Amino acid sequence: MANSSRGKPPLVADKRYSSGGRAASKSSPKAATKSTAKPRAKAAPKKSAPRRKVASGGRGGNGGGGPLGMIRRLIGGLFRLVWGFSWRIGMVVVLLIAAGVGYQYTQLPDMTALLDGRARGSVTLLDRDGKVFAWRGDQFGGVVTTETVSPYLKHAIIATEDKRFYHHFGISPRGVLSAVAINLREGRGPLSGHGGSTLSQQTAKLLCLGVPYDPSSGMSESDYEADCRQSTLWRKIKEAIYAMAMEAKYSKDDILTIYMNRAFLGAGARGFEAASQRYFGKSASDVNPAEAAMLAGLLVAPTRFAPTNSLTRAQNRAKVIVGLMEEQGYLTTAQAEQARSQPAELSEAAAARAGGYFADWVMDETPEFFGDKTTEDVILKTTLDQRIQASAEEAMKFVFQEKVSSGSKAQAAIVVMSPDGAVRAMVGGRLTRVSGVFNRATQAKRQTGSAFKPFVYATALDLGASPLDMVVDEPFCMTIPGSGKWCPQNYTHKFYGQVTLLEALKKSLNVPAVKISEKYGRDKVRLVAKEFGLDSDLAMGPALALGASESTLLDMTGAYAGILNGGSSVKPYGLTELRLLGDDAPVFGASGGIGERVIRPEAAEQLVWMLSQVVSEGTGGRAQLPGGWQVAGKTGTSQEARDAWFIGFTADYVTGVWMGYDDNTPLKGVTGSGLPAEIWHETMVRVQEGMTPRPLPMREPIPPAQPKVEAPAKGGGGGLGQAVDQLLRDIFGGGGGGAPAQPER
């Protein structure tokens, strides 16, 4: 049988794989076996053209040979080496940053825990009418958010601090490069001056990278704040990582809310609510564009631009912020023009800054854990009367401008109080609107001079003497053990013979005061003075009667208040109530007031009458008030005129005035009857304005049929003692030995 396949043409598939390639054998092994077609001969492989050999160093080479090729290969190799190294280092840096951000992310608390980061609480001081007049500590007005503050304030902050805040991821490379360029252009180092920090980075700085203040570490609060404000490169890197972690954890509005509540804005204000209340007396939700610009302007330098330090400087800074807000579209041209033409003004309390000395004194009298070191927000209600405070400040300013030479460095202090010891005003020096400085009303202990004499006569009156009793004013000497003879003299260097106690006080005679003190017992005089509140180191010798002891103006004014109120002791006080913010019940109440009785009411009333005669007929004439006011008081000048006093009262208020130099330089031509009495007069004219005169609580003595003469004290006086004194003068000559005390009027 013939082979049927012979002569047939090959199939297409057979043709496709007729070359015997691997494809045929794999895809159809059977067909490959049975096929009778002859395999096609393999095509001879193409020979590649032989490469041109270029001799080393030949001129015709322009590919990889020659010096140029070597340089190219070297550069390429270096590039590959640097690139390989850089991307690996970069990857490591990115991983480290990511790890740092991740770690900080896990450590971040809930946003609300970061809003009040003060290391201490605040103290708000209210006057007698419940109005705020001063702040101490770190003031925190309460939490504000981006939704509750005025939109003008929110926009002012963004326009000033970070106009791309809502468009970056916590750091702004563009901002950093811009800041570096500005620093270099202004001749500083690239990282000195402008830092290009975003609001997120600034918030990280305010949070001190989340490290809380720990007093137990031994670091003070100021040291902690300084550490938080470090601007080293490493600190900026850490702040950038912390900022990115916050961006991952919180929303943009959350970060801005933290910033608005923690920023320090001068005058002890932490956060924009506290600052708005501090400077404008209103909530941060109610500020207008001009006020918002002034608040935002504080961020760059809170102390320098605080409006309480320089309102003009703060207003000029605010105009810059208004321009930024207008430029960035947050204000219309009309709104910007209005903000510039009607700049923000301080509230009445902020502008007055009343009670700086008073507030310092009240804080000193308050327990530290409720005062300077409080961790709570405390409200102190005080006795301050802002109208009276302004009156005292105006009087001080008027007298020094009109009656004291411009180059004088003399100082003065004023205290005004009610008869129960409630202090209504306090001026501790010529600079009236200051705080945290030396307070001459409470801290300066000075010799009282003849301002002390009323307590000598108070002792005598309480023990039965009459203002009309007689005493002999004559040359008088005493022998003081260990010191020899002591011979006081009067200011006029004259002697007036027999005088009443009233006349002796009116003329501020020294010899009668010493005789009365010695007769009734200087120990009793010392006791009466101490019980009236003059409990500093009182002189032990006979010079006690002439005011050789030292006292503060506050204590002296309080002692005179005891005379006015009927003879009871007084403890001057400025605090009436202390409570914690949010609590209705006070922690404690008034810290002073009227105490125990010291002298009989009749004696006090007689002494008031004697002191009224000092003003109407004696050395205190310049203190007289117009309009039918009865005034009582006493002048005082210490040894060598180093201190000059006038302390007096009406039925409503007791006012004390001291004048002198801080370094004890003697006053020239000034006694208590001069400038101090005039300051007192100017103060009380303003204090009593609009008030109805009331009579003083005084009692005029009934003249006796025959006034009795005080027996001379040991060592001097009339009768035999006078004869002995005359004999001694004849023998020794003059007025006796010993240094006379400086007389005073």
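Where residues in the range 409-432 are open to solvent by 10 Å² or more (accessible area, probe 1.4 Å) and out of contact with any Asp or Glu (no Cβ under 7 Å at 6 or more places or on another chain), which of them is nearest to residue 129 (Cα to Cα)?
Pass one, the range 409-432, residues open to solvent by 10 Å² or more (accessible area, probe 1.4 Å): 409, 411, 418-420, 424, 430-432.
Those left that are additionally out of contact with any Asp or Glu (no Cβ under 7 Å at 6 or more places or on another chain): 409, 418-420, 430-431.
On the way: 409: 36, 418: 15, 419: 19, 420: 18, 430: 26, 431: 25 Å.
Within the range 409-432, the match that is nearest to residue 129 (Cα to Cα) is 418.
Of the residues in the range 658-716, how many are more than 24 Å from residue 447 (Cβ to Cβ), modelled with pLDDT of 95 or more and in contact with a strand residue (DSSP E or B) (Cβ under 9 Å, 6 or more places away or on another chain)?
4
Return the residues of the range 682-701 that are farther than 15 Å from residue 467 by Cβ, among the charged types (D, E, K, R) and more than 39 Å from the chain's Cα centre (by Cα); say none if nothing qualifies.
We begin by selecting, within the range 682-701, every residue farther than 15 Å from residue 467 by Cβ; these are 682-695, 697.
Filter again for among the charged types (D, E, K, R), leaving 682, 686, 689, 694.
Scanning the range 682-701 gives a single hit, 694.
From the list 465, 458, which residue is under 25 Å from residue 592 (Cα atoms) and either acidic (Asp, Glu) or touching a residue at least 12 places away in the same chain (Cβ under 8 Å) (or both)? Don't jump to the end; show me each part of the working.
Working: 465 fails: under 25 Å from residue 592 (Cα atoms).
Unique residue meeting the criteria: 458.
Per-residue answers, yes or no, for (1) in a loop (DSSP other than H, G, I, E, B); (2) out of contact with any Ser or Thr (no Cβ under 8 Å at 6 or more places or on another chain); (3) open to solvent by less than 80 Å² (accessible area, probe 1.4 Å):
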residue	(1), (2), (3)
309	yes, no, no
324	no, no, yes
330	yes, yes, yes
336	no, yes, yes
339	no, yes, yes
344	yes, yes, yes
350	no, no, yes
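Give the residues of the range 484-534 that are in a helix (DSSP H, G or I), hydroxyl-bearing (Ser, Thr, Tyr) and open to solvent by 30 Å² or more (accessible area, probe 1.4 Å), sorted by residue number. Step through it out loud before you land on a result.
Restricting attention to the range 484-534, the residues satisfying the condition of being in a helix (DSSP H, G or I) are 501-506, 510-520, 522-531.
Imposing the further condition that a residue be hydroxyl-bearing (Ser, Thr, Tyr) reduces the set to 517, 520.
Listed by number, the list holds a single entry, 520.
I want to confirm something. Restricting to the range 433-483 and keeping residues that are surrounded by fewer than 17 Cβ atoms within 10 Å (Cβ to Cβ) and of a type in the set (D, E, K, R), which single residue is nearest to the chain's Cα centre (by Cα)?
So, considering only residues that are surrounded by fewer than 17 Cβ atoms within 10 Å (Cβ to Cβ) and of a type in the set (D, E, K, R), the one nearest to the chain's Cα centre (by Cα) is 433.
Which condition from (1) without any contact (Cβ under 8 Å) to a residue 60 or more places away in the chain; (2) part of a loop (DSSP other than H, G, I, E, B) is the one that residue 116 breaks?
Looking at each condition in turn, residue 116 falls short on (1).
Being in a helix (DSSP H, G or I), over 14 Å from residue 151 (Cβ atoms) and out of contact with any Lys or Arg (no Cβ under 9 Å at 6 or more places or on another chain) is the filter; apply it to the range 269-307 and report the residue that is most open to solvent (accessible area, probe 1.4 Å).
Among those residues, the one meeting the criterion is 277.
Considering the range 566-600 alone, what residues qualify as being open to solvent by 50 Å² or more (accessible area, probe 1.4 Å), within 30 Å of residue 456 (Cα to Cα) and not in a strand (DSSP E or B)?
591, 600, listed by residue number.
State the number of residues belonging to the range 621-672 that are over 19 Å from residue 548 (Cβ atoms), open to solvent by 60 Å² or more (accessible area, probe 1.4 Å) and within 33 Å of the chain's Cα centre (by Cα).
Going through the range 621-672 one residue at a time, the tally reaches 2.
Give, as residue ranges, the helices (runs of 4 or more DSSP H) completely inside the range 182-250 that count at least 3 residues that are farther than 15 Å from residue 114 by Cβ and modelled with pLDDT of 75 or more.
Values: elements: 199-206, 221-228, 233-249.
Output list reads 233-249.
Does residue 317 fit the bill of being out of contact with any His (no Cβ under 7 Å at 6 or more places or on another chain) and more than 23 Å from residue 112 (Cβ to Cβ)? Steps first, please.
Values: out of contact with any His (no Cβ under 7 Å at 6 or more places or on another chain): yes; more than 23 Å from residue 112 (Cβ to Cβ): yes.
Considered against the rule, which asks whether it is out of contact with any His (no Cβ under 7 Å at 6 or more places or on another chain) and more than 23 Å from residue 112 (Cβ to Cβ), residue 317 comes out as yes.
May I ask you to list the residues in the range 545-565 that are surrounded by fewer than 23 Cβ atoms within 10 Å (Cβ to Cβ) and not acidic (Asp, Glu)?
548, 549, 565, listed by residue number.
Identify, by number, the condition in (1) modelled with pLDDT of 85 or more; (2) more than 32 Å from the chain's Cα centre (by Cα); (3) under 18 Å from residue 200 (Cβ atoms) that residue 97 doesn't meet.
It fails just one condition, (1).
Among the residues of the range 76-92, are any of a type outside the set (Ser, Thr, Tyr) and touching a helix residue (DSSP H, G or I) at 6+ places or on another chain (Cβ under 6 Å)? Working first, answer last.
Here is the first cut: in the range 76-92, the ones of a type outside the set (Ser, Thr, Tyr) are 76-85, 87-92.
From the residues that got through so far, the ones that are touching a helix residue (DSSP H, G or I) at 6+ places or on another chain (Cβ under 6 Å) too are none.
Looking for residues that are of a type outside the set (Ser, Thr, Tyr) and touching a helix residue (DSSP H, G or I) at 6+ places or on another chain (Cβ under 6 Å), one finds none in the range 76-92, hence no.
Output the number of the condition that residue 539 fails; it satisfies all remaining conditions of (1) over 22 Å from residue 442 (Cα atoms); (2) small (Gly, Ala, Ser); (3) out of contact with any strand residue (DSSP E or B) (no Cβ under 7 Å at 6 or more places or on another chain); (4) surrounded by fewer than 20 Cβ atoms within 10 Å (Cβ to Cβ).
(1)
Residue by residue through the range 535-561, note down the ones that are over 26 Å from residue 429 (Cβ atoms) and either in a helix (DSSP H, G or I) or not aliphatic (A, V, I, L, M) (or both).
Our first condition is that a residue be over 26 Å from residue 429 (Cβ atoms); within the range 535-561, this holds for 538-546.
Selection gives 541, 542, 543, 544, 545, 546.
The values are calculated or read from the model by the stated rules, or taken from the named source; none is laboratory data. Keep in mind the model is a prediction, meaning the values are calculated, not measured. So basically every Cβ, Gly included, is an ideal-geometry build from the backbone, and we count neighbours across all protein chains shown. For the accessible areas, the whole protein counts, side chains as well, though only heavy atoms, and no ligand, DNA or RNA atoms are used. Shrake-Rupley method; radii C 1.70, N 1.55, O 1.52, S 1.80 Å.
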